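Since the structure comes first, as structure tokens, the remarks are kept for the end.
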2 protein chains.
Amino acid sequence: MKKTILLTVLALNGLTSFAQSNDEKNIKLFYKKALTESKCYTWLEYLSNDIGSRLSGSPTAAAAVQYTKLQLDRLGLDKVYLQEVMVPHWVRGEKETAYILDNKAKTVVPICALGGSVATAKGGLTAEVIEVKGIKELAELGDKVKGKIVFYNRPMNPENIETFTSYGACVDQRYAGAKEAAKLGAVGTIVRSMNLRLDDFPHTGAQSYGDLPKEQYIPTAAISTNGAELLSASLKRNPALKFYFKQSCETLPDVLSHNVIGELTGKEHPENIMVVGGHLDSWDLADGSHDDGAGVVQSMEVLRILKNLDYKPKNTIRVVLFMNEENGGKGGAKYEEISKKNNENHIFALESDSGGFSPRGFSIEADDTNLKKIQGYKDLFEPYLVHSFTIGHAGSDINHLTSKAIVKAGLKPDSQRYFDYHHAANDKFDAINKRELELGAATMTALMYLMDQNGIETPKVN
Amino acid sequence: MKKTILLTVLALNGLTSFAQSNDEKNIKLFYKKALTESKCYTWLEYLSNDIGSRLSGSPTAAAAVQYTKLQLDRLGLDKVYLQEVMVPHWVRGEKETAYILDNKAKTVVPICALGGSVATAKGGLTAEVIEVKGIKELAELGDKVKGKIVFYNRPMNPENIETFTSYGACVDQRYAGAKEAAKLGAVGTIVRSMNLRLDDFPHTGAQSYGDLPKEQYIPTAAISTNGAELLSASLKRNPALKFYFKQSCETLPDVLSHNVIGELTGKEHPENIMVVGGHLDSWDLADGSHDDGAGVVQSMEVLRILKNLDYKPKNTIRVVLFMNEENGGKGGAKYEEISKKNNENHIFALESDSGGFSPRGFSIEADDTNLKKIQGYKDLFEPYLVHSFTIGHAGSDINHLTSKAIVKAGLKPDSQRYFDYHHAANDKFDAINKRELELGAATMTALMYLMDQNGIETPKVN
């Protein structure tokens with residue numbers, strides 16, 4: 001019955017005056033299906049609770065590849081396949097320990113090694129601490145850094161409404177802090193967790209030594225925000241205090257892994273490809289339900305809804321579950337490499353990698369013409385309280401795509417709670433609200449449908 | 001310094017071309033103050049974790065009156081006072097027990113008495129069960145109901161985007177279900193919890209026997225959604241199964257309690273009153289952090305921000321923390337009664353009683369002219385992702401206000417998670433996100449400021 005409804009209204013799409021109304025009806029149907037029969041929540045439950053954390057190269061990441069492929073197989077798509085990709089294999093090893101050594105008093109603080117970091121010596125590392133608010137301040141200290149642990153303590157700015165803005169303005173401390181400190185002779189770095197609230201969770205995340213010679217690598221770890229506050233206050237009282245930390249992480253040889261891909265082949269322009277995706281890998285401290293289990297199952301749900309409604313897309317709609325977004329981006333790069341080799345033409349890419357919270361809109365990478373075209377759909381989304389269609393970063397995985405004329409969009413969920421969980425041990429299934437997850441999937445389905453129906457505007461050749 | 005900024009821009013308000021820009025600057029300041037120095041989160045922490053649940057008539061409700069009055073006193077407002085009000089005093093008594101008795105097998109299920117319900121006999125109540133989807137279906141059953149427990153099992157509709165719509169379409173089962181079933185000779189009622197997800201929390205809430213004679217009162221309780229699913233499935237297999245429940249709740253004599261009131265007196269029109277409020281009482285199963293601890297501290301925060309900025313309102317801005325919204329509405333009614341007696345003229349009332357989640361907009365009670373005027377502020381709220389300004393119920397406490405020309409608004413937070421917690425044992429402080437709470441307070445401050453600056457349109461006298 002539902003199938004018939006969708007087909008009928010689509011058949012009428014030629015009449016412009018009817019098109020709006022058909023779009024309204026179809027979008028309503030997508031939301032209804034997401035809210036009443038979606039599989040995304042149960043898929044995520046399995047990914048999170050049965051498989052667990054999915055760091056690239058881990059056996060659980062491999063299990064997630066097999067599980068999601070099987071689920072896509074069951075949807076009856078036109079194609080489902082794996083795409084091989086070699087990924088880094090970093091392992092945390094034993095749980096880290098750390099304490100502040102203030103005269104004779106030891107105060108244990110929660111830390112976790114940053115992804116890609118080297119270990120400390122087996123017995124750990126003890127040194128005096130120099131606190132800075134960022135890399136720029138560090139540079140000004142020059143020689144004073146030598147032999148010290150650099151403590152990056154610039155907090156995320158609470159004044160920004162969009163928390164990603166505050167993240168973007170802070171994350172250089174985590175990503176490049178160790179490299180910059182090592183250049184000046186520091187022996188280690190401790191970075192305040194990228195978290196807007198004060199709590200006891202250290203938040204891991206990628207860091208890079210860049211082109212530093214291996215012998216100059218220094219261990220680097222994140223400290224919880226409460227731990228950072230304590231360390232900072234303790235340093236004010238006693239600048240000569242010492243910090244001890246011990247971690248046994250290491251980088252093993254690269255491992256063969258996979259992107260997981262499924263598609264509905266286009267009926268009019270099979271050569272035009274529209275991608276929807278998230279990343280299958282997560283950090284290792286939790287099951288990554290928000291980052292990015294949510295994006296994975298929402299992307300799968302887009303295809304499920306369209307297939308279930310027997311929607312015949314004009315263009316090829318492809319779900320891609322990217323491997324290794326967190327610490328290497330190898331999945332996204334490999335997908336683009338293969339796509340180029342096969343002369344594929346991507347016209348649209350949609351990513352969900354900002355958590356499974358209530359959808360608020362899309363962050364869009366497009367020229368003015370295409371941006372305006374998408375903003376023209378705003379009224380269609382209003383009944384679903386989806387209201388924000390702005391220029392901005394669309395997604396790390398689809399960032400690799402380089403087709404000549406391509407529009408990219410990232411689902412923009414409410415961001416207030418995201419950094420409470422991001423890369424930390426509490427990014428677990430119980431932090432997910434079923435309806436919010438489903439509303440996100442419906443919102444993505446609606447945009448994918450509109451993009452398929454109306455295409456993108458390509459620059460005219462003069 | 002901040003004070004100076006606000007005063008300067010306000011002084012310029014006469015120039016219309018500058019007004020917009022001043023509004024923008026002032027609203028930015030409200031959000032900044034809320035996100036960087038607000039007291040609402042620490043107030044709520046105390047209310048929730050130190051005082052706890054605040055059912056009308058309880059010692060903890062009285063403690064909440066004293067605590068919030070003290071905090072308002074400390075803000076240095078022009079007036080802070082208590083307003084006496086007699087409130088119902090219902091107590092739950094011992095924790096309820098219930099089970100399904102299917103042949104010889106007993107399966108325990110989670111229930112809780114509904115507010116205002118009578119107890120079962122001391123040994124509990126056992127009877128056969130008749131499941132209905134609502135009061136209308138019940139009426140059609142007539143005599144078949146006699147001697148039975150009526151099980152109201154109409155679920156909240158997941159298709160609505162606004163969860164309050166689904167609540168409104170279901171809650172008659174809870175509120176009037178016992179009364180209607182008693183009329184037909186039922187011996188008790190069990191109501192599916194008003195909850196969109198499947199879990200093990202029974203959700204309490206108000207119910208009323210209406211004008212039924214006391215001897216006809218029957219005990220009524222809510223069952224968790226998982227419990228409701230189980231009972232329904234069990235009934236399909238065995239319609240002759242029995243249900244047992246025991247509860248020892250009772251209604252004690254009314255108790256003297258208070259509304260808590262504070263105000264900044266208007267400089268131009270002290271006689272025009274603008275109210276902002278929430279309700280101080282909560283249900284007894286948890287500390288009511290969302291319902292309505294959040295609304296209480298957000299309303300207090302509105303006054304704190306304005307006072308802290310040394311804002312001199314044109315009209316009197318009054319915070320009212322209403323007692324007894326949950327099971328009687330006596331605080332709201334008393335406030336209106338006293339207001340009438342004092343010939344007060346309320347022109348605007350703002351309530352926050354929909355949870356402490358990310359603010360999305362306002363639900364507005366106004367004529368077309370005033371609605372359009374408020375909708376005209378939409379652009380000012382856009383940077384804060386506040387986007388929805390629609391006609392709708394503003395709030396139960398301010399619902400009592402009857403001034404001739406009054407505009408009412410209710411803060412509309414994201415509603416997806418609200419009924420996960422509403423009236424249940426998990427409505428606790430850990431379900432609150434600090435930033436979301438603060439953003440709500442800032443959003444309320446911004447609207448209160450705009451209403452004070454621009455007033456309301458009153459119908460012309462012919």
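Rule-based calculations on the coordinates, nothing more; no lab input. Quick caveat: nothing in here was measured; it's all calculated off a predicted structure. For neighbour counting, all protein chains shown are included, and Cβ atoms are generated from backbone atoms with ideal geometry for every residue, glycine included.
Considering only the other residues whose Cβ falls under 13 Å of the Cβ of B:Asp254, what net charge follows from Lys and Arg at +1 and Asp and Glu at -1?
So the surrounding residues net to +1.
How far is helix A:225-237 tilted off the main Cα axis of chain A, in degrees rounded to 10, range 0 to 90?
Between the helix axis and the principal axis of chain A, the angle is about 30 degrees.
Which residue is it, in chain A, whose C-beta lies closest to the A-to-B rotation axis, and what is that distance in whole Å?
Closest to the rotation axis on chain A: A:His387, 2.
Nearest 20 debye, what's the magnitude of the dipole of the protein assembly as shown about its Cα centre given +1 on Lys and Arg Cβ and -1 on Asp and Glu Cβ?
Working: 108 positive and 116 negative charges, 49 e Å.
Result for the protein assembly as shown is approximately 240 debye, rounded to the nearest 20.
So for A:Ser299, A:Ser21, fewest C-beta neighbours within 10 Å to most, what's the order? Numbers along the way, then the final one.
Working: A:Ser299 32, A:Ser21 12.
Ascending number of Cβ neighbours within 10 Å: A:Ser21, A:Ser299.
Among rounded, prolate and oblate, which fits segment B:124-204 when a ≥ b ≥ c are the square roots of the eigenvalues of its C-alpha gyration tensor, a/c under 1.5 means rounded, and a/b larger than b/c means prolate?
prolate
Where the label is 7 Å out from Cα toward Cβ, how close does A:Glu128 come to the same position in every other copy, in nm, shortest first?
Between copies, matching label points for A:Glu128 lie 8.6 nm apart.
What is the mean number of Cβ atoms from other protein chains located within 10 Å of the Cβ atom of each residue in peptide B:384-390, rounded to a whole number?
3
Which angle from 0 to 90°, rounded to the nearest 10, does the C-alpha axis of helix B:16-37 make with the longest principal axis of chain B?
That works out to roughly 50 degrees.
Express the Stokes-Einstein translational diffusion coefficient of segment A:93-248 in µm² s⁻¹, to the nearest whole number, given a Kirkwood radius over alpha-carbon pairs, 37 °C and a viscosity of 0.692 mPa s. Write down the numbers at each step before the final one.
Numbers: Rh = 15.2 Å.
For these conditions, the coefficient is 215 µm²/s.
Taking the highest mean first, how do the peptides A:431-438, B:452-459, B:38-45 order by number of other beta carbon atoms within 10 angstrom per residue?
Top to bottom by mean Cβ count within 10 Å: A:431-438, B:38-45, B:452-459.
Of all DSSP beta bridges located in the protein assembly as shown, what percent are antiparallel, nearest 5?
DSSP beta bridges in the protein assembly as shown are roughly 55 percent antiparallel.
I need the inter-copy label distances for A:Tyr46: point set 7 Å along Cα to C-beta, values in nm with one decimal, smallest first.
So the distances to the same position in the other copies read 5.1 nm.
How many percent of DSSP beta bridges within chain A run antiparallel, rounded to 5?
55
Which whole number gives the average count of other chain Cβ atoms within 10 Å of the Cβ atoms across peptide A:28-36?
Other-chain Cβ atoms within 10 Å of each residue's Cβ, averaged: 2.
Placing one identical point scatterer on every Cα of segment B:259-336 and ignoring solvent, what is log10 I(q)/I(0) from the Debye formula at q = 0.13, 0.21, 0.27 Å⁻¹?
After summing over all Cα pairs, the log10 values are -0.42, -0.90, -1.19.
Hull surface divided by four, with the convex hull built on the Cα atoms of segment A:26-170: how many nm²? List each step's numbers first, then the result.
On the way: hull surface 61.7 nm².
It is 15.4 nm².
For segment A:197-315, what log10 I(q)/I(0) values come out of the Debye formula at q = 0.12, 0.13, 0.21 1/Å, with one point per alpha carbon and no solvent?
For the requested q values the scattering log ratios are -0.75, -0.81, -1.28.
I'd like the Karplus ³J(HN,Hα) series for segment A:246-256: coefficients 6.51, -1.76, 1.60, θ = phi - 60°, whole numbers in Hz, and an x wherever there's a Gly or Pro.
Rounded to whole hertz, the list is 9, 9, 10, 5, 7, 9, 8, x, 4, 10, 6.
If you add up the charges near B:Asn153, with Lys and Arg at +1 and Asp and Glu at -1, over every other residue whose beta carbon is less than 11 angstrom from its beta carbon, what do you get? Let's see the in-between values first.
Numbers: positive: B:Lys133, B:Arg154, B:Arg192; negative: B:Glu131, B:Glu137, B:Glu229.
Every neighbour counted, the sum reads 0.
222 nm [θ] for chain B, helices only, -39500 (n - 2.57) per DSSP H run of 4+, per residue, to 500?
Value at 222 nm, helices only, nearest 500: -10500 deg cm²/dmol.
Kirkwood hydrodynamic radius of segment A:164-267 from all distinct Cα pairs, in Å?
Radius from the Kirkwood sum: 16.4 Å.
With θ set to phi - 60° and the Karplus curve 6.51 cos²θ - 1.76 cosθ + 1.60, what are the ³J(HN,Hα) couplings of segment B:39-48 in order, to the nearest whole Hz, using x for Gly and Pro?
Each residue of segment B:39-48 in turn: 9, 5, 5, 6, 4, 5, 4, 5, 3, 7 Hz.
Between copies, how far does the label point of A:Lys372 sit from its twins, in nm, shortest first, when each point is 7 Å from Cα along Cα→Cβ?
When each copy's label point is compared with this one, the spacings are 2.8 nm.
Below 13 angstrom from the Cβ of B:Tyr418, what's the summed charge of the other residues (Lys, Arg +1; Asp, Glu -1)?
Details: positive: A:Arg435, B:Arg197, B:Arg360, B:Lys412, B:Arg417; negative: A:Glu436, B:Glu162, B:Asp291, B:Asp292, B:Asp353, B:Asp414, B:Asp420, B:Asp427, B:Glu436.
Net charge around B:Tyr418: -4.
I'd like the distance between the alpha-carbon centres of segment A:54-79 and segment A:415-450, rounded to an integer number of Å.
20
How large is the translational diffusion coefficient of the protein assembly as shown in µm² per second when you combine the Kirkwood radius over alpha carbon pairs with Stokes-Einstein at 20 °C and 1.002 mPa s?
Details: Rh = 30.0 Å.
Translational D for this selection: 71 µm²/s.
Setting aside same-chain residues fewer than 8 positions from B:Lys32, which lysines have a Cα under 22 Å from its Cα?
Of all the lysines, those that pass the test against B:Lys32 - Cα under 22 Å, at least 8 places apart if same chain - are A:Lys133, B:Lys2, B:Lys3, B:Lys307, B:Lys312, B:Lys378, B:Lys412, B:Lys434.
Could you tell me which residue out of A:Leu437, B:Ala119, B:Phe381 lies farthest along the dipole of the protein assembly as shown toward its positive end? Charges go on the beta carbon: Lys and Arg +1, Asp and Glu -1, centred on the Cα centre.
Farthest along the dipole direction, towards plus: B:Ala119.
For chain A, count all C-alpha to C-alpha pairs, find those more than 34 Å apart, and express that count as a whole percent of the total.
36
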